[in-house]
Amino acid sequence: AKLSHNSTIALGEMPRRIAYQESSRTLCVLTAKMEVNESGEEEEANYLDSSTRKVLSVRLVVDKHLIDILKYHYFAVLDSYKLEPTECVASALATTFQDSAEDFYVVGTAYVIPTEVEPTKGLLCSLTNGNNPNQLSCLILGRILVFRVQDRKLQIVTEARTRGAVYSLEHLSGKLLA
C-alpha cells in the first residue's frame with residue numbers, strides 16, 4: 001500500500017497553478033493575493049446592502065498575482081516574480097525545448113479588464129540572463145513567459161504576446177502549444 005503525505009504550507013497567498021521541475025528540484029507556484037489598495041482611500045460600491053438598501057462604502061481590494069519558486073523538500077520561497085497590476089496567472093508548465101538541454105518554466109497569463117466578461121488579453125514571456133524585463137514594451141493582449149531557475153532565482157528568457165488569455169500550455173514534439 002502507498003502512503004500519502006499531506007501538509008499545509010503557509011504561503012499567505014492563494015495558489016492557482018503548480019508545476020514541478022526535476023532538474024532544479026523546485027516548484028513553480030502561481031498565486032494570487034488580495035490586498036487593500038495602496039492609497040487606502042475608500043470607494044463606494046456598485047451594489048446595495050440588501051438589509052438596509054443603502055450603498056455600501058468599501059475599500060478597493062486588488063488582486064496581486066505572483067510567480068513563486070519554492071524549494072521542493074522544505075517549501076521555502078526562493079524567488080518571486082510579480083505580474084503587472086491587471087495581469088493574472090492562468091497556466092503553468094515545466095518543460096524542455098527542442099535543441100536545448102535546459103529546463104524551463106512556462107507561464108501563461110491573462111489581463112483582466114473589469115468591463116470584460118472573459119479576459120481577452122494575455123502575455124507569453126521568458127526570462128534569461130542579460131535580458132531586462134523592464135525594457136520589454138509591446139501592445140499586450142496575452143502573455144506567455146518563459147523562465148529558467150539559475151542560482152535559486154527566476155530569470156526571464158523570453159516572452160510572447162497572444163491574442164487572448166493563455167489558459168492551457170502543453171509540450172508537443174519539443175515545442176510549446178498554447
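The values are calculated or read from the model by the stated rules, or taken from the named source; none is laboratory data. Fair warning: this is a prediction, and the values are worked out from it, not measured in the lab. In this analysis, Cβ positions are derived from the backbone assuming ideal geometry, glycine residues included, and neighbour counts consider all displayed protein chains. Just the protein is used for accessible areas: all its heavy atoms, side chains included, with ligands, DNA and RNA removed. Shrake-Rupley method; radii C 1.70, N 1.55, O 1.52, S 1.80 Å.
In terms of its C-alpha gyration tensor, the range 66-108 has an oblate overall shape, because the principal axis ratio a/c (a ≥ b ≥ c, square roots of the eigenvalues) is not below 1.5 and a/b does not outweigh b/c. Only protein heavy atoms count here; on that basis, with a 1.4 Å probe, E35 has an accessible area of about 60 Å². A Förster radius of 22 Å combined with the Cβ-Cβ distance from E170 to R25 puts the calculated FRET efficiency at roughly 0.45. The calculated FRET efficiency for the pair D103 and I9, based on their C-beta separation and a Förster distance of 25 Å, comes to about 0.65.
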